[in-house]
1. Bins of 5 Å, beginning at zero and ending with the bin holding the largest distance: percent of Cα pairs per bin for the stretch 2-63, please.
2. Once amide H atoms are built 1.01 Å from N in the peptide plane, which residues 5 or more positions from Val162, or in another chain, come under 5 Å H to H?
3. What does the net charge come to around Phe76 if you take all other residues with beta carbon closer than 12 Å to its beta carbon, with K and R at +1 and D and E at -1?
4. Hey, with R₀ at 25 Å, roughly what FRET efficiency would Glu95 and Ala287 work out to, going by the Cβ-Cβ distance, to 0.05?
5. Rounded to the nearest 500, what is the 222 nm mean residue ellipticity of the chain from helices alone, with -39500 (n - 2.57) per DSSP H run of 4+ residues and division by all residues?
6. For the stretch 184-200, what does the Karplus curve 6.51 cos²θ - 1.76 cosθ + 1.60, with θ = phi - 60°, yield as ³J(HN,Hα) per residue in whole Hz, taken in order and with x for Gly and Pro?
7. Restricting to the chain, what percent of DSSP beta bridges are antiparallel, rounded to 5?
8. With point charges of +1 on the Cβ of Lys and Arg and -1 on the Cβ of Asp and Glu, referenced to the Cα centre of the stretch 1-136, which listed residue (Gln60, Val28, Gly43) lies farthest in the positive direction of the dipole?
Amino acid sequence: MIIAMQEAAGEDQIQQAIEHLVKLGFEVHRSTGARQTVLGAVGAGIDFDIRNIELLPGVQEVHRISSPYKLAGRGFRPEGTIVELANGTRIGGQEVVVMAGPCAVESRDQLFTTADAIAKAGAKALRGGAFKPRSSPYSFQGHGEEALKLLREAGDRFKLLVISEVMEISQIQLMLPYVDILQVGARNMQNFNLLRELGKVRKPVLLKRGIAGTLEELLLSAEYIMAGGNYEVILCERGIRTFETYTRNTMDISAIPIIHKLSHLPMTADPSHGTGRRDKVAPMARASVAAGADALLIEVHCDPDKAWSDGAQSLFPEQFAKLMDELRMIAPAVGRKI
């Protein structure tokens with residue numbers, strides 16, 4: 001950490017800043033120039049709030065050099081993390097893994113028809129909500145364990161992995177026998193109690209970025225899971241809330257290469273929630289692969305116009321098949337494959 005003192009800072013203020021840093025566990029290196037003193041602080045024995053240092057008398061500005069996320073940072077595993085899944089699928093390697101399916105499990109026919117279609121098109125995992133976090137308490141909330149059973153049955157029949165969202169701690173043990181990947185939705189990105197419990201689970205977790213979450217906050221949330229011993233974390237960009245209202249969210253594709261620079265964890269893109277519009281899902285999916293996404297999470301429904309939730313952003317099966325063909329042409333251009 002670098003602390004630049006004000007030009008007018010007196011020796012007593014400089015010493016006060018040094019003493020404060022030493023109490024925090026830092027080793028302090030002082031550089032005194034003709035007009036300004038700069039302090040270099042190395043190491044830290046305890047957690048601290050950088051704002052407390054910025055408010056010390058005589059301090060002009062503070063720059064943090066090392067990141068606050070130690071396990072999720074690129075330095076922890078410079079070669080990158082590859083998450084190995086049950087059927088040999090690897091997220092973070094050369095292959096871009098596509099996970100697809102309906103927003104919510106509505107019925108056996110709906111799920112199996114959709115699962116059959118995405119499997120034939122080349123998807124590796126079936127997504128579907130058993131528990132649905134909805135903005136309105138009057139909207140469909142999901143079928144719970146019955147939906148999980150259908151997801152597992154469909155996954156086994158069509159040789160697909162299963163990913164579904166966990167909303168609270170009490171659901172974790174219920175879901176473990178049925179799913180291959182536990183998904184943490186945007187609303188729960190900073191549900192730290194839930195993240196701590198997922199750190200105790202030995203099953204991959206896909207962590208979505210919150211609608212107003214910074215990339216540092218996303219990585220710190222991943223840190224909660226990894227600090228518990230679960231290093232099988234997959235990050236996901238699913239759009240953030242901005243002033244733009246044309247799309248449901250603003251798909252931040254720049255997050256993909258930025259996360260790859262900051263972290264060793266695989267990065268997924270969810271263009272369905274990122275745009276909220278069926279006609280914009282394919283362009284954003286193509287752009288995400290070009291930007292380096294390790295996986296895609298796409299909503300597909302056998303009859304989107306009659307979907308119980310998020311029909312407007314769900315692809316028809318034939319649209320999904322066409323998109324997969326397009327991705328197979330794009331991926332080799334960036335050294336990947338579908």
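Coordinate-derived values only; no laboratory data. For clarity, every value in this text was computed on a predicted model and none was experimentally measured. When we count neighbours, we look across all protein chains shown, and the Cβ atoms used for this are built from the backbone with ideal geometry, even at glycine.
1. With a bin width of 5 Å, the distribution comes to 4, 20, 35, 27, 11, 3, 0.
2. HN-HN under 5 Å from Val162: Leu126, Asp180, Ile181.
3. Local net charge: +1.
4. 0.85
5. The helix contribution divided over the chain gives -9500 deg cm²/dmol.
6. Each residue of the stretch 184-200 in turn: 9, x, 4, 5, 10, 4, 10, 7, 5, 5, 5, 4, 4, 5, 5, x, 8 Hz.
7. 40 percent
8. Gly43
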